[in-house]
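In what follows, a single structure is set out as structure tokens and then discussed.
The values are calculated or read from the model by the stated rules, or taken from the named source; none is laboratory data. Fair warning: this is a prediction, and the values are worked out from it, not measured in the lab. Glycine gets a Cβ as well: all are built from the backbone with ideal geometry, and neighbour counts include every protein chain shown.
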Amino acid sequence: MNSRDYAYTVSLAAGGILAAGLIFYFIWGKEFVAVPACIIYRTAGIWCPACGGTRAVLALLRGELMQSFLYHPIVPYSALVYTAYLLEETRERVFRSSRRVPLRFWKGCVLLGLEILAANTLIRNILLFCSQN
């Protein structure tokens, strides 16, 4: 299996696991699963890179795109890139297209996502410290 097939297979599996987890949460999990407060924020007083992610996912699932972005911009960005990747890779496979999006483009999307994550964490913590002074 080449790296492109491996990446596609892993992406499909990850999406399936995520979908199963969300279905479980919305059908049965709300009664049993409480989302705990962030331990990093609680102990150190700073925002961790994931703070706001759960609220962003729930807002995105309710169709509140702007609210999701404001809670954590990486969530709608990741959903958009993931959906585009799966649609494009599926199109290429179904139609046996000779025109393919280079894998380095998708790797660039992942790197941009990491930059968004880092910038979001940095900006939120700067604003937090400025508001405390």
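Within the stretch 108-121, is there a residue that is over 20 Å from VAL10 (Cβ atoms) and part of a loop (DSSP other than H, G, I, E, B)? No, that holds for no residue.
In the stretch 43-52, is there at least one residue being outside any helix (DSSP H, G or I), in contact with a Gly (Cβ under 8 Å, 6 or more places away or on another chain) and touching a residue at least 12 places away in the same chain (Cβ under 8 Å)? No, there is no match, as no residue in the stretch 43-52 is outside any helix (DSSP H, G or I), in contact with a Gly (Cβ under 8 Å, 6 or more places away or on another chain) and touching a residue at least 12 places away in the same chain (Cβ under 8 Å). Inspect all residues belonging to the stretch 73-88 and state whether any of them is closer than 15 Å to ASP5 by Cα, surrounded by fewer than 15 Cβ atoms within 10 Å (Cβ to Cβ) and of a type in the set (D, E, K, R). For the stretch 73-88, residues closer than 15 Å to ASP5 by Cα, surrounded by fewer than 15 Cβ atoms within 10 Å (Cβ to Cβ) and of a type in the set (D, E, K, R): absent. Being without any contact (Cβ under 8 Å) to a residue 40 or more places away in the chain and either assigned by TED's automatic domain parsing to the domain that holds THR9 or out of contact with any Phe, Trp or Tyr (no Cβ under 7 Å at 6 or more places or on another chain) (or both) is a property that does not hold for LEU103.
Scan GLY108, GLY63 and give me the residue that is farther than 28 Å from ARG4 by Cβ and exposed (fewer than 13 other Cβ atoms within 10 Å of the Cβ). Please lay out each step first, then the result.
Numbers: GLY108 fails: farther than 28 Å from ARG4 by Cβ.
That would be GLY63, the only listed residue that is farther than 28 Å from ARG4 by Cβ and exposed (fewer than 13 other Cβ atoms within 10 Å of the Cβ).
Could you list all residues from the stretch 20-34 that are at pLDDT below 90 and part of a helix (DSSP H, G or I)? Step through it out loud before you land on a result.
Kept after step one, since they are at pLDDT below 90, are these residues of the stretch 20-34: 21-34.
Within the stretch 20-34, GLY21, LEU22, ILE23, PHE24, TYR25, PHE26, ILE27, TRP28, GLY29, LYS30, GLU31, PHE32 meet the criteria.
Hey, can you tell me all the residues within the stretch 118-133 that are farther than 17 Å from GLY52 by Cα and in contact with a Gly (Cβ under 9 Å, 6 or more places away or on another chain)? Explain how you work it out, then say what you get.
First, pick out the residues of the stretch 118-133 that are farther than 17 Å from GLY52 by Cα: 129-133.
Once the filter is applied, which keeps residues that are farther than 17 Å from GLY52 by Cα and in contact with a Gly (Cβ under 9 Å, 6 or more places away or on another chain), the stretch 118-133 yields only GLN132.
Do the conditions hold for SER98, that is, is it loosely packed, with under 14 Cβ neighbours inside 10 Å, in contact (Cβ under 8 Å) with a residue 40 or more places away in the chain, farther than 29 Å from THR121 by Cβ and more than 17 Å from the chain's Cα centre (by Cα)? Answer is no for this residue.
The rows are residues; the columns are (1) more than 25 Å from ILE46 (Cβ to Cβ); (2) acidic (Asp, Glu); (3) in a loop (DSSP other than H, G, I, E, B).
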| residue | (1), (2), (3) |
| --- | --- |
| PHE69 | no, no, no |
| THR83 | yes, no, no |
| SER97 | yes, no, yes |
| PHE105 | yes, no, no |
| ILE126 | no, no, no |
| CYS130 | no, no, no |
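Any idea which of (1) part of a helix (DSSP H, G or I); (2) closer than 30 Å to CYS130 by Cα; (3) modelled with pLDDT of 90 or more is the one ILE17 doesn't satisfy? The number of the failed condition is (2). Of everything in the stretch 55-87, what is farther than 24 Å from LEU12 by Cβ and either assigned by TED's automatic domain parsing to the domain that holds TYR25 or of a type in the set (S, T, N, Q) (or both)? Give them in sequence order. Listed by number, the list holds a single entry, GLN67.
Has the stretch 92-107 got at least one residue that is at pLDDT 95 or above and polar (S, T, N, Q)? No; the residues of the stretch 92-107 include none that is at pLDDT 95 or above and polar (S, T, N, Q).
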